Amino acid sequence: MSAATTDTANPRKPYVRPISKTSWFLTSARYKSYMVHEVSSIFVALYMIQLVAGLFYLAAGPEEWESYLAFLRSPVVILLTLVGLVFFVIHTTSWFKAVPQATRIMRGEEVLPGKILVTAHYGIWAAVSLFVIILAWVA
Amino acid sequence: MTATRTIQLEVLRYRPEQDAKPFFQTYAVPVEDEWVVLDALNYVKDELDRTLSYRWSCHMFVCGSCGMMINGEPKLACKAFMQDYPSGKIRVEPLSNFPIERDLVIVQDDFVEKLTAVKPYLLPKQDKTVEQGEYLQTPAELKKYKQYSLCINCLCCYAACPQYGLEPSFIGPAALTLAHRYNTDSRDAGPEARGDLVAAHEGVWACSFVGACSQVCPKDVDPAGAIQQAKLYSALNFVTGMVKGDK
Amino acid sequence: MAHSSRGSAKAIPWFLFAAGGTVTAFVLPVMLIVTNLGFFPSAMSYEGMSGFLSWWIVKLAVLGILTLGLWHAAHRLRVCAHDFGIRADELVAWIVYSAAGFGSVAAAVALLMI
């Protein structure tokens, strides 16, 4: 688009600035934080695969289940777990932050304030987490 | 009391008749703290360089003409206050993701076509004659979409949207938000009347909810929110369509 | 009813993505802590886990979480691929959605075997 020919009849020569298809997200802090929560999907996928595999090991019997537990104790898995936990929390917080934008609830004549929705989500998150911890504790 | 200081205003220049590509030109501008970036540009135009081109009109965040990149952020030049730029150096560029017509002026043709395409006007459920009176609406019905009607077409959201930059076929934040504004208007016949552009591939589904559009919007319109709601609507519409058995 | 046949291709996966995003946001952090960090040896023992998963309601919940989690991740990976500059969207979509479908069926089969 930036050809250097000068047309006297039509002097328009719009200049298009190039955008990198593979590194555009490095150009702003906003894009970087977006990419971080998008990349959380890699860890969600890995964890889902781990859990589905775990079900098969459980179905196979106690010895197989033990080998699965040993796999979970390996340093690589522990490391991936810790990194994954960070990404899961980023997924959760970024998801909750977006809720008031994506859902607009009318209460009477007013739009329900986003803060209430977000707080409710954090409350449910705490309750669900506590419930799972208690369940695992009493088992 | 006005404190005067001199800032270095770096402006991306592009003169199509003589430049192969844009370049930065720096002007030393004496500014006051109460000034906005637009005042500094006007100073350049009046006192330093009459060849500088840029769009502006109202100087009060209403007309939406002076959207530009200020230190890399899409902003209205009339709403970017000097006191928020203490460093003494301000870089001004035309809005990202648009072709540059000249200096800070961008080519808006693509947006105008998209804006027209989403039919941003009331398509009443049934037409009324003047004698039959107005299309009435309750305050609650108004509140449902009012935020989305405040757009001034400044195009800051398009400059912030990476998906528009990467795929210019994307209808983009402002036009989709305006479509949503009319689709959720109780007096309007809704998306079916407005065509399936919103639900198309280059409509809401090209949005990946980066959310930058809403963060830069000078009128707090929240285009990203409107688009996510429109996604939910289109998805529900698709499912109910399947259940009802029409295709 | 007016809906674009091209646009509709993303409506269903997006639904699952949105539902999965919500469910995973609530449960994944705590689940990961319970299953992978060794704090709950009795719950993670063979007897503990097979006892827990003998309840039908638990099987159903686990299947729901796994299926939605897989579809959520699949759709987001598709978007990720595009964001990293991969433009073969149809191929990517086919791969990730097939994998999610396969994983969902596998999860159901495994749960039936327990």
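The values are calculated or read from the model by the stated rules, or taken from the named source; none is laboratory data. These numbers come from a predicted model, not from an experiment. All Cβ positions, even for glycine, are placed from backbone atoms using ideal geometry, and neighbour counts span all protein chains on display.
Couple of notes before you dig in:
- In the set B:11, B:31, B:37, only one residue is under 20 Å from residue A:14 (Cα atoms), in contact with a strand residue (DSSP E or B) (Cβ under 6 Å, 6 or more places away or on another chain), crowded, with 19+ Cβ neighbours inside 10 Å and in the same structural domain as residue B:88 (by TED's automatic domain parsing); that residue is B:11.
- Residue list for segment C:71-92, restricted to those being of a type in the set (A, V, I, L, M, F, W, C) and either more than 7 Å from chain A (Cβ to nearest Cβ) or part of a helix (DSSP H, G or I) (or both): C:71, C:73, C:74, C:77, C:79, C:80, C:81, C:86, C:88, C:91, C:92
- Cβ pairs under 8 Å, 6+ apart, first in segment A:33-47 and within 14 Å of residue A:97 (Cβ to Cβ), second charged (D, E, K, R) and surrounded by 18 or more Cβ atoms within 10 Å (Cβ to Cβ): A:40/C:76
- Conditions (1) in contact (Cβ under 8 Å) with a residue 24 or more places away in the chain; (2) within 22 Å of residue C:44 (Cβ to Cβ); number of the one not met by residue A:78: (1)
- Being at the interface with chain C (Cβ under 8 Å from one of its Cβ atoms), exposed (fewer than 15 other Cβ atoms within 10 Å of the Cβ), modelled with pLDDT of 95 or more and part of a helix (DSSP H, G or I) is a property that does not hold for residue A:49.
- Residue that is among the aliphatic types (A, V, I, L, M) and within 30 Å of residue C:99 (Cβ to Cβ), where the choices are A:83, A:111: A:83
- Single condition residue C:83 does not satisfy, out of (1) over 25 Å from residue A:87 (Cα atoms); (2) under 22 Å from the mean Cα position of the chain (by Cα); (3) among the acidic types (Asp, Glu): (1)
- Taken over segment B:153-174, residues that are among the polar types (S, T, N, Q) and either within 12 Å of the chain's Cα centre (by Cα) or not assigned by TED's automatic domain parsing to the domain that holds residue B:118 (or both) amount to 1.
- Segment C:1-13, subset surrounded by 20 or more Cβ atoms within 10 Å (Cβ to Cβ) and part of a helix (DSSP H, G or I), residue modelled with the highest pLDDT: C:13
- Evaluation of residue C:71 against (1) without any contact (Cβ under 8 Å) to a residue 60 or more places away in the chain; (2) within 23 Å of residue A:72 (Cα to Cα) (one fails), failing number: (2)
- Every residue from segment C:93-104 that is aliphatic (A, V, I, L, M) and facing another protein chain (nearest Cβ under 10 Å): C:96, C:99, C:100
- Comparison of A:18, A:11 shows that the only residue that is farther than 23 Å from residue C:21 by Cβ, surrounded by fewer than 17 Cβ atoms within 10 Å (Cβ to Cβ) and either at pLDDT 95 or above or more than 7 Å from every other protein chain (Cβ to nearest Cβ) (or both) is A:18.
- Segment C:28-52, subset of a type outside the set (A, V, I, L, M, F, W, C) and in a helix (DSSP H, G or I), residue nearest to the chain's Cα centre (by Cα): C:29
- Among the residues listed as C:32, C:68, the single one being closer than 24 Å to residue A:38 by Cα, more than 7 Å from chain A (Cβ to nearest Cβ), surrounded by 14 or more Cβ atoms within 10 Å (Cβ to Cβ) and modelled with pLDDT of 95 or more: C:68
- Flag for residue C:89 being among the charged types (D, E, K, R), without any contact (Cβ under 8 Å) to a residue 60 or more places away in the chain and in contact with an Asp or Glu (Cβ under 8 Å, 6 or more places away or on another chain): no
- Flag if residue B:52 is touching a residue at least 24 places away in the same chain (Cβ under 8 Å), surrounded by fewer than 23 Cβ atoms within 10 Å (Cβ to Cβ) and not in a loop (DSSP other than H, G, I, E, B): no
- Matching residues in segment C:94-114 - criterion: being surrounded by fewer than 20 Cβ atoms within 10 Å (Cβ to Cβ) and among the aliphatic types (A, V, I, L, M): C:95, C:99, C:105, C:106, C:108, C:109, C:112, C:113, C:114
- Members of segment B:154-193 that are among the aliphatic types (A, V, I, L, M), within 9 Å of chain C (Cβ to nearest Cβ) and touching a residue at least 12 places away in the same chain (Cβ under 8 Å): B:193
- Candidate set from segment B:194-247 (those that are without any contact (Cβ under 8 Å) to a residue 60 or more places away in the chain, within 14 Å of chain A (Cβ to nearest Cβ) and part of a loop (DSSP other than H, G, I, E, B)); member that is farthest from residue C:90 (Cα to Cα): B:211
- Criterion: at pLDDT below 95 and not assigned by TED's automatic domain parsing to the domain that holds residue B:32 - qualifying residue of B:114, B:144: B:144
- Across segment A:21-30, the qualifying residues are those that are more than 9 Å from chain C (Cβ to nearest Cβ) and buried (at least 17 other Cβ atoms within 10 Å of the Cβ), and the one among them that is nearest to residue A:82 (Cα to Cα) is A:30.
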